[in-house]
Amino acid sequence: MNLHIYPSNIVYESRIEKITKTLINEKTFNSIIILGIWEKGLKRSQKLHSRIEIIRVKNYFSFLPYFLRKFFDLVGLMFFCLFRFTKVDVVNCHSLNCLFIGVILKIMRGVKLVYDTHELETERNGLTGIRKVFSKKIEKYCIGYCDHIFVVGDKINRWYKHRYKLKNSIITTIFNFPNLANQSKIKSIDIRVKNKIPYDRLIFVYVGLMIKGRGLEELITAFNQSTHHLVLIGYGPSWTKLEKETRKINNIHINEPLDQKHLLMFIKSADVGIFSPFNIKSLSYKYCMPNKIFEYIHAQLPIIVSSLDEVVNHINKNKIGWVVNSEEELKKLIINIKPSHIINKKKNILKVQKNYTWESQKHKLVSPYLKKI
């Protein structure tokens, strides 16, 4: 049995869904359990697949302040693992926060341990001071127990190898490319129809978390001076604030998140995808290869990005978008962009789409398990 641990509500975790379904479909495991945190309105137990079960653990200290609440999330997960699961072959920890649980299971149960990190954990945005120092010490200690490590980009791969002197055989890059299986069967409403956008206006779309540091305030400022339309799709702590700010701006629209299979069909009727955070201080952001970039590619949307090292390499190499280095450059590009510019970029996207599918990652994911990790 394979156990996956991630301290979230396991609702929008498309990467975990793709990984677990692939491992089942490739007959790597007979059964998989995904362990997360219960929230009001969600099921405690839920089937993702006939052999994949999501279990959400209740935190009985949810009334506490945020930091203590998160601490007890992890404590609850740890004790649930120790008392509920006695026959686990491999445990996948999908964040540094829960990696110590995997180490404890390895020491006490002899399981194989996979660190399945979704970003550059100790260099993530907002991690500073004593928390950052503590995180680095925890990762340095725990990583020696890992039988394999999966990361989401080549720059992050190289950082981990250099930092911890890892062998090539112990770490693998699995890009978070979309799974396009049965995509043509999905029906979805047109983004233009849903947001009542005239057909003579270009639509720019942002998909992702709505939090500080994502360049959302800069986007709103830029489009407030434009005749083009901006559609923001996602969730997060800034959602309510942004919704209030844009309520009276006719060309900016806020939409709630969709699962990936419906999202791709929804944004296909837009014109350009954007991810342009500025003044990046986090190395995790700088090295990131976010889901939205690949979602834009498969929706055939040319992409506007800021100076994110690995993303910029893909954009420039394939000529599928534009790179902006400041808010002024972003405003200028939005004002001057023409439908003909977009059409030319779309032609290039069609040439490279096949290189950005989950199918191309499957063998890299399964191979370490076949070697017994």
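Among the residues of segment 44-57, write down those that are open to solvent by 80 Å² or more (accessible area, probe 1.4 Å) and within 23 Å of the chain's Cα centre (by Cα). Don't jump to the end; show me each part of the working.
Within segment 44-57, the first condition is being open to solvent by 80 Å² or more (accessible area, probe 1.4 Å), and the residues that meet it are 44, 47, 50-51.
Across segment 44-57, the qualifying residue is only 47.
For segment 201-230, what are the residues that are of a type in the set (Gly, Ala, Ser) and assigned to a loop (DSSP other than H, G, I, E, B)? If the condition is that a residue be of a type in the set (Gly, Ala, Ser) and assigned to a loop (DSSP other than H, G, I, E, B), then 208, 213, 215, 226 are the ones that fit. Quick check, is residue 294 at pLDDT 90 or above and within 20 Å of residue 352 (Cα to Cα)? Criteria met by residue 294.
Being of a type in the set (D, E, K, R), in contact with an Asp or Glu (Cβ under 7 Å, 6 or more places away or on another chain), in a helix (DSSP H, G or I) and more than 17 Å from residue 115 (Cβ to Cβ), is that true of even one residue in segment 231-241?
First, pick out the residues of segment 231-241 that are of a type in the set (D, E, K, R): 241.
Among the residues that remain, those that are also in contact with an Asp or Glu (Cβ under 7 Å, 6 or more places away or on another chain) are: none.
Within segment 231-241, not a single residue is of a type in the set (D, E, K, R), in contact with an Asp or Glu (Cβ under 7 Å, 6 or more places away or on another chain), in a helix (DSSP H, G or I) and more than 17 Å from residue 115 (Cβ to Cβ).
Conditions first: (1) out of contact with any helix residue (DSSP H, G or I) (no Cβ under 8 Å at 6 or more places or on another chain); (2) surrounded by 14 or more Cβ atoms within 10 Å (Cβ to Cβ); (3) in contact (Cβ under 8 Å) with a residue 40 or more places away in the chain. Residue 10 passes all but one, so which condition is the exception? Tallying (1) out of contact with any helix residue (DSSP H, G or I) (no Cβ under 8 Å at 6 or more places or on another chain); (2) surrounded by 14 or more Cβ atoms within 10 Å (Cβ to Cβ); (3) in contact (Cβ under 8 Å) with a residue 40 or more places away in the chain, residue 10 fails exactly one: (1).
Evaluating residue 286 against the criteria (1) of a type outside the set (Ser, Thr, Tyr); (2) under 25 Å from residue 16 (Cα atoms); (3) surrounded by 22 or more Cβ atoms within 10 Å (Cβ to Cβ) leaves one unmet condition, (3).
Quick check on residue 203: is it modelled with pLDDT of 90 or more and within 30 Å of residue 13 (Cβ to Cβ)? Here the answer is yes, as residue 203 does meet what is asked. The residue of segment 189-243 that is least open to solvent (accessible area, probe 1.4 Å), among those that are acidic (Asp, Glu) and closer than 24 Å to residue 328 by Cβ, is 218.
The values are calculated or read from the model by the stated rules, or taken from the named source; none is laboratory data. Please read these numbers as outputs of a predicted model, since none were measured by experiment. Here Cβ is always computed from backbone atoms with ideal geometry, including for glycine, and neighbour counts include all displayed protein chains. In case anyone asks, the SASA skips ligands and DNA or RNA and just uses the protein heavy atoms, side chains included. Shrake-Rupley method; radii C 1.70, N 1.55, O 1.52, S 1.80 Å.
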